[in-house]
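Each reported figure results from applying straightforward, stated rules to the coordinates on display, with no laboratory input. None of these values were measured; they are calculated from a predicted model. Here the Cβ is made from the backbone with ideal geometry for all residues, glycine too, and neighbour counts use every protein chain on show.
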Protein chains: 2
Amino acid sequence: MAEEDQKNLHLPEVIVFGPPSVFKIYSLQFSSKFQMLKPWESPLPLPQYLAENAQNTRVALCSGICPLPATVIAQLPSLSLIVSTSAGMNHIDLTECRRRGIAIANGATVFSVDVADLAVGLLIDVSRKISAGNRYVRNGLWPEQGIYPLGFKLGGKKVGIVGLGSIGLEVAKRLEAFGCTLLYHSRKKNSSVSYIFHSNILELAAASDVLVICCPLTEQTRHMINRDVLLALGKEGLIVNIARGSVIDEKELVRCLQQREIAGAGLDVFENEPRVPTELFELDNVVLSPHFAVFTEESFRDSYELVTGNLEAFFSNKPLLSPATF
Amino acid sequence: MAEEDQKNLHLPEVIVFGPPSVFKIYSLQFSSKFQMLKPWESPLPLPQYLAENAQNTRVALCSGICPLPATVIAQLPSLSLIVSTSAGMNHIDLTECRRRGIAIANGATVFSVDVADLAVGLLIDVSRKISAGNRYVRNGLWPEQGIYPLGFKLGGKKVGIVGLGSIGLEVAKRLEAFGCTLLYHSRKKNSSVSYIFHSNILELAAASDVLVICCPLTEQTRHMINRDVLLALGKEGLIVNIARGSVIDEKELVRCLQQREIAGAGLDVFENEPRVPTELFELDNVVLSPHFAVFTEESFRDSYELVTGNLEAFFSNKPLLSPATF
């Protein structure tokens, strides 16, 4: 056990899964306030580690990409709270949490604007070929080959937002400034916006030049963007995904991109991260980023403050800062 | 002479320099309306070509990157109009045009929104490391190396617009939607906007987190962004240039980027295009594009229509659609 951890034995215990990126960055700050249990530093298999160290631990901290299935939750008999750094909760077994009465505090909207910024950045990049142009210049092709293929204008384009939550609304606000026409699909119509609502995802795709995927991953949204939706989006259509990889049927997406059945994609998320289908590496009409839509210094500071705020509230019997309803 | 050109001998003559990209794309359409003289297709040196073919030619068409110096203008004794596809006119000898009473029709604001879109795209790309992240994923580094370095949030950043013309205003409008604070430097204060005016470029740089260069290239703006301005922008500062390469002292920019005296740059333009300083190819904190800020299908169609509109107006003695004042 590290010296810093020894000193903190009197502090309240938090078991960390993943660990979340914010934990890696603010490790010292977290460890000065809580006794952080780090199973990945132990040679023990996880079940044995939990059995020996975490039977009285009341709080777990996890990221949005670290699964917390019922089998793991079952090994934490004292668990009362899960703090997730993400807004999405698809990685946690919510049925088991409901059954046990375990509360969840999530990342709320801390990351929404950064995710929206990246979504717009990916869309401009794909439509205006920025990453491809950057490659062209760096490979020394400009003097040899001259004029670069034309991109697509953003203004006047119909952009279909899939999931008009806090991220989708931020994306829409930005794209309005570019002169785009906004459409959306969501569980229900939002009466506070004037964007065109489509209750049917196929109809939204057919009416849109671009789809931006901003919805949570649930059983209802898994593979919602299937081959039919992609074909409805069409040969000139672009797709941006900053939600979760599995909202799109990735095999079909790869096939549509390879066969130019859609025009391009900007993808921050994938079905089997960090594995990315290598067929995509060959394609000039896609921009790939390593699930880093939330990766700004400013957001991580905000995330650190929200996580510690939730932990401090819990340990002092005050209301959570960002309690999730599920 | 090609068959299509033979048929068009009765059409009004236009001498083409460059040629502009829009001419390459709409070559057939242009040639159906005008007799387009194409010196680059002739084996003759330009002076001889002009002496033999263009002594009665009244109109020249050029792009923004093809110089039209006094020596060339002098070889066109009948020249009355220059139609430039660009908004900028730094490539034309304006003194000679004034002396001869030659009118200029320029590209007006056809390309402004596309240029503004690319400026914002480059800024998001640099601050959120999109092209660099794309390279990381395509090089297969994500599974090996995991978490990618953090970027910078756009919201709350102070963005200094250098040159608040039609492009600068479009950039500002977009960045407002991202929650940026707008500042600007321009020849004079614009009383119709609430952005913070700085009459001094050094003061603007010192007050800004980001500079976006949107001004025309003139004798006053050449190397306006010098080492002092870059150092005033500072170690955390980003710069985007979609104006002309020579507005920045490129050698100093390269040095500041190499020595991390500024944090990064998004560059669509360079001092000696298509040559780009190869030192930049080594740097992860720059995004380079091949002067393609205007390269969208939609803008080229608009540009084609504006150019033909100006030519038709001239040949039928009507007012030009986009007469330039200079």
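Observations on the structure shown:
- Inter-copy separations for B:L11, label at 7 Å along Cα-Cβ, nm, ascending: 7.7
- Radius of gyration and maximum dimension Dmax of the range A:212-295, Cα, Å: 11.7, 33
- Full-stretch length increase - B:R187, B:K251 - with 0.36 nm per residue and alpha-carbon distance subtracted: 20.5 nm
- Neighbourhood net charge (14 Å Cβ-Cβ; Lys/Arg +1, Asp/Glu -1) for A:I73: +2
- Among the residues of A:289-302, the average count of other protein chain beta-carbon atoms within 10 Å of the residue beta-carbon is 6.
- Shown for the range A:44-114 is the translational diffusion coefficient from the Stokes-Einstein equation, using the Kirkwood radius over Cα pairs, a temperature of 37 °C and a viscosity of 0.692 mPa s: 260 µm²/s.
- Between this copy and the others, label points of A:Q220 are 5.9 nm apart in ascending order, each placed 7 angstrom from Cα in the Cβ direction.
- Close amide H pairs (under 5 Å, H built 1.01 Å from N) link B:L211 with B:G160, B:L238, B:I239, B:V240, residues at least 5 positions away or on another chain.
- Inter-copy label distances at B:F197, shortest first and taken from points set 7 Å along Cα to Cβ: 4.6 nm.
- Value of D in µm² per second that Stokes-Einstein yields for chain A, Kirkwood Rh from Cα pairs, at 25 °C (0.890 mPa s): 115 µm²/s
- In plain terms, the C-alpha convex hull of the protein assembly as shown casts an average shadow of 32.7 nm² when viewed from every direction.
- Inter-centroid distance (Cα atoms) of the range A:247-315 relative to the range B:271-306, Å: 27 Å
- Kyte-Doolittle mean at least 1.0 and Cα axial length at least 20 Å: DSSP H helices in chain A: A:112-128
- Relative to the globular-protein estimate of 2.2 N^0.38 Å, the Cα radius of gyration of the range B:112-288 stands at 1.00.
- Projecting the Cα positions of B:L169, B:F292, A:A60 onto the charge dipole of the protein assembly as shown (unit charges on Cβ atoms of Lys, Arg, Asp and Glu, taken about the Cα centre) puts B:L169 furthest along the positive direction.
- Summed side-chain charge close to B:N310 - residues other than B:N310 whose Cβ falls under 14 Å, Lys, Arg +1, Asp, Glu -1: 0
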